[in-house]
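See structure below.
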Amino acid sequence: MADILKKVHRYISDLHMIAPGSHVVAGISGGADSMCLLFVLLSLKEKLALKLTAVHINHGLRGAAADGDEAFVKAWCEKYEVDFVSFRTDIRARAKADGISEEECGRLFRYECFEKVRVQRQADVIAVAHHQDDLAETVIFNMVRGSNIKGMAGISPVRGHIIRPLLVLRRCEIEALLLEQQIDYRTDDTNFEEDYTRNKIRLKVLPYLTKEINPKAVEHITAAAGAALEASNYIE
């Protein structure tokens, strides 16, 4: 599993995501992806003289389970002496008031909170835990809705103050690293509900493409997205 960690470290270095001495704000939900992100950042803390702040968002949608997620992340941060900030809101009410989906409202609120903490803490970057499967999902989502070349690029590894250090990994690699390092994480049961379009792509479309069409479907979609991003940047 050391190879997986080295792979992420090399990706961060090659894309100049984090400069030595940086203050990194990290979005930590408590799920597998974000706990892997926190582990990666902690593994670089001494080498790069990093300062870390973990930000957790309680969307108010899952009752006691969401409270448990928040307590889990807070306890983990206390154990490893990581600065911890949490936000709570009623996403369902916010989404209704703004006339948008709960999914989109949650995304907007999360980034609003991340940026608020970055400014308050005078931090350098905001790290979020998207990985290759998320990228492939986003590309498919954008294409079927109708998209230009920028949309086909999916998720950028670096955009403004936002960095995505795990975009070089598959979800299975993240789970393998956590298992090897004996790092616990929380599971959001709503990820397995098919109420949201993205969940349908994650639960049905991507597994079908991987099993029935090509085992490397996700990697190939990711590569195509990278080419689209390069072309889009050049055109702009």
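Among the residues of the stretch 145-159, is any over 11 Å from the mean Cα position of the chain (by Cα), in a loop (DSSP other than H, G, I, E, B) and within 20 Å of Ser86 (Cα to Cα)?
Among the residues of the stretch 145-159, not one is over 11 Å from the mean Cα position of the chain (by Cα), in a loop (DSSP other than H, G, I, E, B) and within 20 Å of Ser86 (Cα to Cα), which makes the answer no.
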Sole miss for Arg186 among (1) assigned to a loop (DSSP other than H, G, I, E, B); (2) farther than 21 Å from Leu108 by Cα; (3) open to solvent by less than 30 Å² (accessible area, probe 1.4 Å) is condition (3)
Of the residues in the stretch 21-43 that are open to solvent by less than 10 Å² (accessible area, probe 1.4 Å) and either assigned to a helix (DSSP H, G or I) or basic (Lys, Arg) (or both), the one that is farthest from His9 (Cα to Cα) is Ala32
Here is a check on your reading of the model: is Ala71 more than 19 Å from Val25 (Cα to Cα) and in a helix (DSSP H, G or I)? no
Exercise. Within the stretch 126-137, can one find any residue that is surrounded by fewer than 17 Cβ atoms within 10 Å (Cβ to Cβ) and of a type outside the set (D, E, K, R)?
Worked result: no
Any chance Ala97 is small (Gly, Ala, Ser) and in contact (Cβ under 8 Å) with a residue 12 or more places away in the chain
no
Worksheet entry | Verdict on Glu112 being in a loop (DSSP other than H, G, I, E, B) and either of a type in the set (S, T, N, Q) or open to solvent by 40 Å² or more (accessible area, probe 1.4 Å) (or both) | no
By residue number, the members of the stretch 66-92 that are farther than 21 Å from Arg118 by Cβ and open to solvent by 50 Å² or more (accessible area, probe 1.4 Å) are Asp67, Ala71, Ala75, Glu78, Lys79, Asp90, Arg92
Checked Glu219, Glu230 against criteria (open to solvent by 100 Å² or more (accessible area, probe 1.4 Å) and within 24 Å of Arg10 (Cβ to Cβ)); the one match is Glu230
Note on the stretch 91-113: residues out of contact with any Asp or Glu (no Cβ under 7 Å at 6 or more places or on another chain), over 30 Å from Leu41 (Cα atoms) and not basic (Lys, Arg) are Ala93, Ala97, Asp98, Gly99, Ile100, Ser101
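Here's the yes/no breakdown for (1) under 23 Å from Glu180 (Cβ atoms); (2) touching a strand residue (DSSP E or B) at 6+ places or on another chain (Cβ under 8 Å); (3) free of Cβ contacts under 8 Å to residues at least 12 places away in the same chain; (4) of a type in the set (A, V, I, L, M, F, W, C):
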{"site": "His9", "(1), (2), (3), (4)": "yes, no, no, no"}
{"site": "Leu15", "(1), (2), (3), (4)": "no, yes, no, yes"}
{"site": "Ile28", "(1), (2), (3), (4)": "yes, yes, no, yes"}
{"site": "Leu37", "(1), (2), (3), (4)": "yes, yes, no, yes"}
{"site": "Leu41", "(1), (2), (3), (4)": "yes, yes, no, yes"}
{"site": "Lys47", "(1), (2), (3), (4)": "yes, no, yes, no"}
{"site": "Val55", "(1), (2), (3), (4)": "no, yes, no, yes"}
{"site": "Lys74", "(1), (2), (3), (4)": "no, yes, no, no"}
{"site": "Arg88", "(1), (2), (3), (4)": "no, yes, no, no"}
For the stretch 120-145, pairs from a residue that is among the acidic types (Asp, Glu) to a residue that is open to solvent by less than 20 Å² (accessible area, probe 1.4 Å), with Cβ under 6 Å and 6 or more apart or across chains, are Asp124/Ser22; Asp124/His23; Asp133/Val218; Glu137/Ile201
Scanning the stretch 44-60 residue by residue, those open to solvent by 60 Å² or more (accessible area, probe 1.4 Å) and not in a helix (DSSP H, G or I) turn out to be Ala49, Lys51
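The values are calculated or read from the model by the stated rules, or taken from the named source; none is laboratory data. What you see is a predicted model, and the numbers here were worked out from it, not measured in a lab. Please note: Cβ atoms are built from the backbone with ideal geometry, for glycine as well, and neighbour counts cover all protein chains shown. For accessibility, only protein heavy atoms count, side chains too; no ligands or nucleic acids. Shrake-Rupley method; radii C 1.70, N 1.55, O 1.52, S 1.80 Å.
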